[in-house]
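The values are calculated or read from the model by the stated rules, or taken from the named source; none is laboratory data. What you see is a predicted model, and the numbers here were worked out from it, not measured in a lab. Here Cβ is always computed from backbone atoms with ideal geometry, including for glycine, and neighbour counts include all displayed protein chains.
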Amino acid sequence: LSAKDLPQPLLWPQLQVSEGEKSLTCSQFSLSAERPIIGFCPGAEFGPAKRWPHYHYAELAKQLIDEGHQIVLFGSAKDHEAGNEILA
């Protein structure tokens with residue numbers, strides 16, 4: 001057994017986006033390229049039992065917005081209700 005036979009560490013995923021793609025996305029979603037953007041994925045594949053409560057997302061979003069961040073919600077059509085609860 002030699003060093004080359006040992007498992008290699010997993011690398012952190014990297015997302016490479018061009019400046020043009022950043023500008024286009026910010027424009028399409030009314031975001032500012034000058035402020036940090038944080039994404040929430042509030043849905044749960046197996047129903048609400050596995051979902052973090054919407055009021056926790058809402059409170060965290062409020063705190064982050066107060067600190068100058070922008071919040072983006074991600075999800076499928078079935079997560080629409082969860083997103084609306086956070087926005088309410």
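All but one of (1) farther than 23 Å from SER76 by Cα; (2) surrounded by 10 or more Cβ atoms within 10 Å (Cβ to Cβ) hold for ASP5; state the number of the condition that does not hold.
So ASP5 meets the others, but not (2).
Taking interchain pairs and intrachain pairs at least six residues apart, which have beta carbon atoms under 8 angstrom, with the first residue in the stretch 45-70 and touching a residue at least 40 places away in the same chain (Cβ under 8 Å) and hydrophobic (A, V, I, L, M, F, W, C) and the second in a helix (DSSP H, G or I) and surrounded by 11 or more Cβ atoms within 10 Å (Cβ to Cβ)?
none
How many of the residues making up the stretch 1-35 are assigned to a helix (DSSP H, G or I), within 18 Å of the chain's Cα centre (by Cα) and farther than 30 Å from ASP66 by Cβ?
0
Restricting the stretch 36-85 to residues that are more than 14 Å from the chain's Cα centre (by Cα), at pLDDT 95 or above and not in a helix (DSSP H, G or I), which is nearest to VAL17 (Cα to Cα)?
Restricting to residues being more than 14 Å from the chain's Cα centre (by Cα), at pLDDT 95 or above and not in a helix (DSSP H, G or I), the top hit is GLY68.
Given the options TRP52, TRP12, name the one that is out of contact with any strand residue (DSSP E or B) (no Cβ under 7 Å at 6 or more places or on another chain), of a type in the set (A, V, I, L, M, F, W, C) and loosely packed, with under 10 Cβ neighbours inside 10 Å. Can you show your working first?
On the way: TRP52 fails: loosely packed, with under 10 Cβ neighbours inside 10 Å.
Result of the check over TRP52, TRP12: TRP12.
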